[in-house]
Amino acid sequence: MRPVAIAALSLGIAACGAPSPRGTGDLGLVVERAAGRVMLIETSGRTARGRVAGLGDLSHASAVFSRDGRYAYVFGRDGGLSKVDLLRARLERRVIQAGNSIGGAISQDGRLVAVANYQPGGIRLFDARTLEPLAEVPTGAKVVGIADAPGNRFVFSLFEAGEIWIVDASQPRSPSVIKLKGIGRQPYDGFITPDGRHYIAGLFGEDGLALVDLWDAQAGARRILGGYGRGEEPLPVYKMPHLRGWAVAGRYLFLPAIGRHEVLVLDSVTWTEAGRIAVHGQPVFAVAQPGGRRVWVNFAFPKNDVVQVIDVAEMKVVRELRPGRAVLHMEFTPRGEQAWISSRDDGAVVVYDGASFAELARLPAESPSGIFLTSRGAMTGF
């Protein structure tokens, strides 16, 4: 009778409030930047499941997820690396690993977390399970645009040095490095195409982008879209645009132009300009809706209460939404039926229907910024 009694006791515990078993495929988090915490969300019912506090300075926070989608690794501006359990809604561990960090990535096999640092520069590698430090790759410059690549590699750019580095972390305690120099002035962000082959860095110090074919990294970086603003008076830049927005739709890449009211269209076969689309203001994110038919764009101050939707077939803006003041981030569910948008100054996360653009939900949040979903962001690069 003893096994029966144990089973009955287990059922009694479950009935008294233990969480029911569930998967993590529809879970995610919203950064509440001013509060130093994250709001845990689920997209099936469009609800908030709880909050996890004590994450430090989240003024420029980002997150990636463990291989199984259970844990989020949150990178804070204060150099903090926090591991959050999404199912138990608790902070598992937090380490201060630098003075100022700007993001991170998780390796292809899910075993390593890399943190990109502004101060003192360089990246640091950690065991994803324990957050044990494994190695440091000093650079002597600010690291930007870090992404994971096939082969347990990490690729990133150096803002002051004008370089792209490729770190092979197959031996995590003794990583090897390929350094590509002279790629252009002041690379400010970067991303890897969904097939994992090409790394593209945007250049702030000059018109154009730097392209690296990771199948032949030793060939160096190739300049693309050079001089896209040549001969025209540049506008003041109110907010640095971001390239990491899954801005790939079919054969085209949609990229925010620096200091211009345009989205640049890049042909990913020929790597030449395929067009420009006039938009409402200076774009910050251009995010492709899953399926590739539409690209959603948000904007820098002072026109940051608007989101515009570009139709890829027509190559023009076909819809304008006003989710609230200071729209900072956009994210889609994996099949694109929902768009989640953060409005910092209205204290809300707004959920739209991806087909009809109808507002489906509005969740209160304290100064929300980044939105990250497990099913979209388990890997940061490809």
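Here are the numbers for this structure:
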| read-out | value |
| --- | --- |
| Failed item, numbered, when residue 143 is tested on (1) farther than 27 Å from residue 207 by Cα; (2) among the aliphatic types (A, V, I, L, M); (3) within 16 Å of the chain's Cα centre (by Cα) | (1) |
| Of the criteria (1) under 30 Å from residue 22 (Cβ atoms); (2) buried (at least 22 other Cβ atoms within 10 Å of the Cβ); (3) not aromatic (Phe, Trp, Tyr), which one residue 123 fails | (1) |
| Filter result for residue 82 (polar (S, T, N, Q) and either in a strand (DSSP E or B) or modelled with pLDDT under 95 (or both)) | yes |
| Some residue of the stretch 87-99 being crowded, with 20+ Cβ neighbours inside 10 Å and under 18 Å from residue 28 (Cα atoms) | no |
| Pair list, Cβ < 9 Å and 6+ apart or interchain, from the stretch 212-229 residues that are without any contact (Cβ under 8 Å) to a residue 24 or more places away in the chain and of a type in the set (Phe, Trp, Tyr) to residues that are buried (at least 18 other Cβ atoms within 10 Å of the Cβ) and outside any loop (DSSP other than H, G, I, E, B) | 215/198 |
| Subset of the stretch 43-59 that is surrounded by 18 or more Cβ atoms within 10 Å (Cβ to Cβ) and not small (Gly, Ala, Ser) - its residue that is nearest to residue 86 (Cα to Cα) | 52 |
| Of all residues making up the stretch 9-34, the number that are surrounded by 11 or more Cβ atoms within 10 Å (Cβ to Cβ), among the hydrophobic types (A, V, I, L, M, F, W, C) and at pLDDT below 95 | 2 |
| Strands (runs of 3 or more DSSP E) contained in the stretch 314-359 and holding at least 3 residues at negative phi and surrounded by 19 or more Cβ atoms within 10 Å (Cβ to Cβ) | 327-332, 338-343, 348-353 |
| Answer residue from the stretch 267-288, given it is of a type in the set (Gly, Ala, Ser) and under 19 Å from residue 211 (Cα atoms) and is surrounded by the fewest Cβ atoms within 10 Å (Cβ to Cβ) among those | 275 |
| Boolean, residue 302 is within 23 Å of residue 204 (Cβ to Cβ) and in a loop (DSSP other than H, G, I, E, B) | yes |
| Selection status of residue 105, in a loop (DSSP other than H, G, I, E, B) and either without any contact (Cβ under 8 Å) to a residue 12 or more places away in the chain or among the aliphatic types (A, V, I, L, M) (or both) | no |
| Some residue of the stretch 129-141 being crowded, with 21+ Cβ neighbours inside 10 Å and either touching a residue at least 40 places away in the same chain (Cβ under 8 Å) or within 23 Å of residue 33 (Cβ to Cβ) (or both) | no |
| Residue among 327, 317 that alone is within 19 Å of residue 250 (Cα to Cα), in contact with a strand residue (DSSP E or B) (Cβ under 6 Å, 6 or more places away or on another chain) and not aromatic (Phe, Trp, Tyr) | 317 |
| Flag for residue 74 being more than 22 Å from residue 167 (Cα to Cα), at pLDDT 95 or above, touching a strand residue (DSSP E or B) at 6+ places or on another chain (Cβ under 8 Å) and buried (at least 16 other Cβ atoms within 10 Å of the Cβ) | no |
| Residue check, residue 281 over 19 Å from residue 191 (Cβ atoms), out of contact with any Leu (no Cβ under 6 Å at 6 or more places or on another chain) and either at pLDDT 95 or above or not in a strand (DSSP E or B) (or both) | yes |
| Residues satisfying the stated conditions in the stretch 288-299, i.e. in a strand (DSSP E or B) and either out of contact with any Asp or Glu (no Cβ under 8 Å at 6 or more places or on another chain) or modelled with pLDDT under 95 (or both) | 288, 295, 296, 297, 298, 299 |
| Selection status of residue 144, more than 27 Å from residue 220 (Cβ to Cβ), of a type in the set (A, V, I, L, M, F, W, C), in contact with a strand residue (DSSP E or B) (Cβ under 6 Å, 6 or more places away or on another chain) and crowded, with 21+ Cβ neighbours inside 10 Å | no |
| Unique residue being at pLDDT 90 or above, surrounded by 13 or more Cβ atoms within 10 Å (Cβ to Cβ) and in a loop (DSSP other than H, G, I, E, B) when the list is 245, 229, 196 | 196 |
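The values are calculated or read from the model by the stated rules, or taken from the named source; none is laboratory data. Please read these numbers as outputs of a predicted model, since none were measured by experiment. Heads up, the Cβs are rebuilt from the backbone with ideal geometry, glycines too, and the neighbour counts pull from every protein chain shown.
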